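Novice: I'd like to ask some things about the structure below.
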Amino acid sequence: MLAAATLMAGMIAGGALPFAATAAASCSTCARAFDGASYTGTEKDFSQGVGNADLSTISFDNKISSIEQTLAVGHGFIWWTDADYQGSSFKACATAAYPSLGSPYNNALSSVEATLSCPD
Ligand SMILES: [Ca+2]
């Protein structure tokens, strides 16, 4: 419990990914998205270079509340609030960590687009 709390504090303070084995270990060269904040709850992995134009097809639209991403340098994902890469979006390049998505993204992401325009 202490170790997990320490890791969480480190992520929030520095944005670094934890490498210790927790209930929500990072996947390799992918993005791992979670229904819950702080990398909890149901999770789905998105492989580097492979987007998903409609997260409802995997029953994961309007759910994502936290994201851990470990892509190679130059790779990224654009996270969209609507299907087919529409709506509001943010781009996450290479390694990134979002323990608690804010408005308008929390519980609203509906598609994820793989991109090579990183950094832009
Ligand atoms: Ca959620």
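No value in this document is a laboratory result; all are computed from the given coordinates. For clarity, every value in this text was computed on a predicted model and none was experimentally measured. Heads up, the Cβs are rebuilt from the backbone with ideal geometry, glycines too, and the neighbour counts pull from every protein chain shown.
Novice: How many nm is it between the label spots at ALA94 and ASP54, if each spot is 7 Å from the Cα in line with the beta carbon?
Specialist: 3.5
Novice: May I pose another question? ³J(HN,Hα) across the stretch 94-100 via Karplus (A = 6.51, B = -1.76, C = 1.60, θ = phi - 60°), whole Hz, x for Gly/Pro?
Specialist: So the J values, rounded to whole Hz, are 6, 8, 8, 9, 10, x, 8.
Novice: Taking the convex hull of the Cα atoms, report for the stretch 50-91 its projected area averaged over all directions, in nm².
Specialist: 3.3
Novice: Whose amide H sits under 5 Å from the amide H of GLY41, counting only residues 5 or more places off or on another chain, with H placed in the peptide plane?
Specialist: GLY36
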